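Down below is the structure, laid out as structure tokens.
The values are calculated or read from the model by the stated rules, or taken from the named source; none is laboratory data. As the structure is a prediction and not an experimental result, all values here were calculated from the model. Cβ: placed from backbone, ideal geometry, glycine included. Neighbour counts: every protein chain shown.
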Amino acid sequence: MDKISSSTSRTRRAALLAGFALMTSPLLAADYPIVIAHRGASGYLPEHTLAGYFVAIQQGADYIEPDLVVTKDGVLVVRHENEIGGTTDVAQHAEFASRRTDKTIDGVRLTGWFTEDFTLAELKTLRARERLPELRRANTRFDGAFQIPTFDEVLELVRASDRQRAAAARQRGLPAPPRIGVYPETKHPSYFASIGRRFDDALLKSLKRHDFKTASDPVFIQSFEVGNLKALRRRTKIRLVQLVAPAGQPYDLVLAGDSRRYLDLMTPAGLGEIKSYADAIGPYKEMVVSRRQDGSSGESTGLAERARAAGLGVHVWTLRAENEFLPTELRRGGDPGSLGDLEPEIRALLRAGATGIFADQPDRAVAARAAWLAAKR
């Protein structure tokens, strides 16, 4: 963990402190874009681990993002996908070799091991692995170190961190900092419903137990599907986010024979419909600031402005510092896994109207936001 701490320069630490000062000042929410730790501090530790979430909180993220899937015994656990061959050491467990199978998830045929075929107790015998080992070679040193967390364990970490931060503030005579937010995603809700595993009850009960239950609480629930968000809107006042991609369509619309694609939802009529059941959209970053054919940064597409005019927030995914993911002019060196200049990309998205940023390196997003806010003054 000392290497993680040393990776934050003095300049970045100063920016983090500036960001905290801004967070505690009386800024309107619309003037203060949120930083969402994408699956934790995924640029520094394997994603969806308690250690990754802890580091993200220490780096100043406003929200941490757990992706939710379901176990055989109905427990919500945190994985990017229900197929866990690439993010755990399950393949090394001879006792689970027979669980390897083929399934069709949202129209895609997959081979592997799936959370719904394991009890929580069985999943707890596995250990997390880095999902992008070719790009994030340093993260592989943590392979085997961490368990798969449950959603409740993530919420307990948030509560403990809130208490610790509040106590530290009291000791220094400072006001209590804002609560750390959570930003869960329901993965493949139509698929899980088709096998009798539904998210809604368990998700809302867990959130309520940890005092996340109203629109004023720091929580967003997100989904790439439409129907489950509409169903949640009838049951909760918690803020909801319609995720959208530059291609394809929500899978529940596929099942319903509805031909609308994600891009159709980004028209004025589509944004108006989203506003009837959600509070924000979650678009891919190039839907907000385009890329040119040569891979360099383009211009604002106007989507963020149109969405905000419709009364929706705009939380953009996913900002990553590795060269592989950056516009060509922001890459540094020839190694796809080397870190480039992420901050200008974040600032461009904020200028285009983004009100939230999903980031794998939360400290760099916090620093970029602090610089952007300081420049606005």
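Pick from Ala354, Ala367, Ala304: which is in a helix (DSSP H, G or I), surrounded by 23 or more Cβ atoms within 10 Å (Cβ to Cβ) and touching a Pro at 6+ places or on another chain (Cβ under 9 Å)?
Unique residue meeting the criteria: Ala304.
How do the strands (runs of 3 or more DSSP E) wholly within region 76-177 filter down when requiring 3 or more residues that are free of Cβ contacts under 8 Å to residues at least 60 places away in the same chain: which remain?
Per the criteria, 101-105, 108-112.
Testing Gly298 on (1) among the small types (Gly, Ala, Ser); (2) surrounded by fewer than 20 Cβ atoms within 10 Å (Cβ to Cβ); (3) in a loop (DSSP other than H, G, I, E, B), one condition comes back false. Which one is that?
Condition (3) is where Gly298 drops out.
Looking at region 250-265, is at least one residue within 14 Å of Arg308 (Cα to Cα) and not in a helix (DSSP H, G or I)?
No, that holds for no residue.
Considering region 308-330 alone, what residues qualify as being buried (at least 20 other Cβ atoms within 10 Å of the Cβ) and free of Cβ contacts under 8 Å to residues at least 40 places away in the same chain?
Those that are buried (at least 20 other Cβ atoms within 10 Å of the Cβ) and free of Cβ contacts under 8 Å to residues at least 40 places away in the same chain: Asn323, Leu326, Pro327.
Answer yes if at least one residue in region 220-229 is of a type in the set (Val, Ile, Thr), farther than 26 Å from Gly74 by Cβ, touching a strand residue (DSSP E or B) at 6+ places or on another chain (Cβ under 7 Å) and buried (at least 20 other Cβ atoms within 10 Å of the Cβ), and no otherwise.
No: zero hits.
Among Lys213, Lys208, Lys230, which is the only one that is over 27 Å from Ile84 (Cβ atoms) and either among the acidic types (Asp, Glu) or without any contact (Cβ under 8 Å) to a residue 24 or more places away in the chain (or both)? Break it down stepwise before answering.
Details: Lys213 fails: either among the acidic types (Asp, Glu) or without any contact (Cβ under 8 Å) to a residue 24 or more places away in the chain (or both); Lys230 fails: either among the acidic types (Asp, Glu) or without any contact (Cβ under 8 Å) to a residue 24 or more places away in the chain (or both).
Exactly one of Lys213, Lys208, Lys230 is over 27 Å from Ile84 (Cβ atoms) and either among the acidic types (Asp, Glu) or without any contact (Cβ under 8 Å) to a residue 24 or more places away in the chain (or both), namely Lys208.
Scan region 40-50 and tell me whether some residue there is outside any loop (DSSP other than H, G, I, E, B), touching a strand residue (DSSP E or B) at 6+ places or on another chain (Cβ under 7 Å) and at pLDDT 95 or above.
Within region 40-50 (the criterion being outside any loop (DSSP other than H, G, I, E, B), touching a strand residue (DSSP E or B) at 6+ places or on another chain (Cβ under 7 Å) and at pLDDT 95 or above), the answer is no, since none of the residues qualifies.
Against the conditions (1) closer than 24 Å to Ala51 by Cα; (2) not in a helix (DSSP H, G or I), where does Gly334 fall short? Just the number, please.
Tallying (1) closer than 24 Å to Ala51 by Cα; (2) not in a helix (DSSP H, G or I), Gly334 fails exactly one: (1).
Checking the structure you have, find out if any residue of region 247-264 is within 25 Å of Arg320 (Cβ to Cβ), touching a strand residue (DSSP E or B) at 6+ places or on another chain (Cβ under 8 Å) and touching a residue at least 40 places away in the same chain (Cβ under 8 Å).
no
Which residue is nearest to Asp335 (Cα to Cα), if the candidates are limited to region 102-134 and must be among the polar types (S, T, N, Q) and touching a strand residue (DSSP E or B) at 6+ places or on another chain (Cβ under 7 Å)?
In this case the residue turns out to be Thr111.
Counting just the residues of region 48-102 that are polar (S, T, N, Q) and under 14 Å from Phe199 (Cα atoms), which one comes out surrounded by the fewest Cβ atoms within 10 Å (Cβ to Cβ)?
Thr71
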